[in-house]
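Taking it in order: structure first as structure tokens, then the write-up.
The values are calculated or read from the model by the stated rules, or taken from the named source; none is laboratory data. The model shown is predicted, which means the values in this text are computed figures rather than measured ones. For neighbour counting, all protein chains shown are included, and Cβ atoms are generated from backbone atoms with ideal geometry for every residue, glycine included. Ligands, DNA and RNA are stripped out before the accessible areas are found, and what is left, the full protein with its side chains, is counted by its heavy atoms. Shrake-Rupley method; radii C 1.70, N 1.55, O 1.52, S 1.80 Å.
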Amino acid sequence: MMLAGILVKPGVIELRETEVPKPSQGELLVKIKAALTCGTDLKAFRRGHPVIPMPGLFGHEFSGIVSEVGRGITRFKKGDAIMAVHSAPCLACRYCRKELYNLCENIMHTKILGAFAEYILLPPHIVRQNVFHKPQNLSFEEAAFLEPLSCVVHGMESLHVKKNDHALIIGSGPVGLLHLLLLKEKGVQVTVMDKHDSKLKVATKLGADFVMLHDSRYSPSPNSSHQGRGHNPSSLLPLDKGRMGGVIIPSPPVEEGKGEGYSKIKNVIEDFDYVFECTGMPEVWEASVNYVRRGGTVVLFGGCKSGTTVSYDTERLHYDEITLKGVFHYTPADVKKAYKLLCSKKLNVSRLISGRFPLKQTQKAFEKLSKGVGIKYAIIP
Ligand SMILES: [Zn+2]
Ligand SMILES: [Zn+2]
């Protein structure tokens, strides 16, 4: 028997005894060594989620040790340390045939959940495509970043981000901060905006060049439509203190790495080459086009509640050639890239882990996250 965390209903996680699954042909049984909380899990914990049925297993970022191997598997053996993601494309549907693997028609309903447990069973299509050997110098916690990092790699894949480009990340949660680590690795100058002071302090520690504190309303800048924007560099969109909350400077700038205050405080909105929307709030989706330069790209990473709509200034999209890019999930090629990045240890992702909880205290980790305390917690069975 094994213990598994079941999300019974919003706000309630129960640990239940269940059978340890037996791997059939092509399957791997993995003993989980580390699992990570994620924004999607938190959404499910707070209010339910369309792709996380309740009551049910949950958690999808993990790494572990192979405990039993199904027939036909040669690439892995009992005792191997592995890292994996929880989905893989079918390779047969019309999207897979067009090599749009992240949009595979089956990828969502053939994914697996249940990382907050002692064991997880990996089905053949995942084993074949998205399971990797964990190198020894990578901790199990770091290895569990493979899934979220794959998402971030995917969003960045088609952008041609170059050294010294300017990027704005809106939203300093786990995903926004992973964007920060990856962009800094590419030599980009990064500004992070968030409405929580404490989260910006984390962004500063992780290497953000600038941070912007925002109030609870990300309302569009009053300059967003006319007034010669895009023709005159001096008409960059300023933070209007009245409407946008302005910039609050809570502590004097300190040297980077000191961890107390902010490295630098940005008080003027530039025309960024790239804007990464990482909040999943429709009003932020709308406001994000106000920060991008002409010809720039807004990456819409944060998923909004289903049924929500947004509207955009046509002038910005047409005359200023702004690209709005929705991104979702990842392809096996993205996962391979993320794997190599993690193995290189360049990103130092463990800095995003705010603490550890034993499996039995999974509920506690989510209660903390619900209160806005912490970025990501590791759940250790
Ligand atoms: Zn996730
Ligand atoms: Zn498919």
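List of remarks:
- On Cα atoms only, tilt of 332-344 relative to the major axis of the chain in degrees: 90
- Global geometry of segment 1-109, whether rounded, prolate or oblate, following the gyration tensor of its Cα atoms and the 1.5 cut on a/c: oblate
- Carbon/sulfur fraction of accessible area - segment 31-105, other protein chains in place, 1.4 Å, %: 53
- Exposure ranking of 370, 24 by accessible area [1.4 Å probe, largest first]: 24, 370
- Area of residue 294 that stays accessible when all protein chains are in place (1.4 Å probe, Å², to 10): 110
- Spin-label proximity, residue 196 to segment 38-63 - amide N less than 19 Å from point 7 Å beyond Cα toward beta carbon: 38-48
- Cα-Cα over 32 Å, subset of 163/376; 9/205; 78/345; 9/134; 345/368; 22/368: 9/205; 9/134; 22/368
- For residue 318 and residue 163, a Förster radius of 25 Å and the Cβ-Cβ distance give a FRET efficiency of 0.25, rounded to the nearest 0.05.
- Per residue value of the accessible surface for the chain (all protein chains in place, 1.4 Å probe), Å²: 44
- Compared with the dominant Cα axis of the chain, that is its longest principal axis, helix 174-185 is turned about 70°.
- The chain: calculated mean residue ellipticity at 222 nm from DSSP helix runs of at least 4, using -39500 (n - 2.57): -6500 deg cm²/dmol
- By DSSP, the beta bridges lying fully in the chain are antiparallel in about 55 percent of cases.
- Tensor-based shape of the chain (alpha-carbon gyration tensor, a/c under 1.5 rounded, otherwise prolate or oblate): prolate
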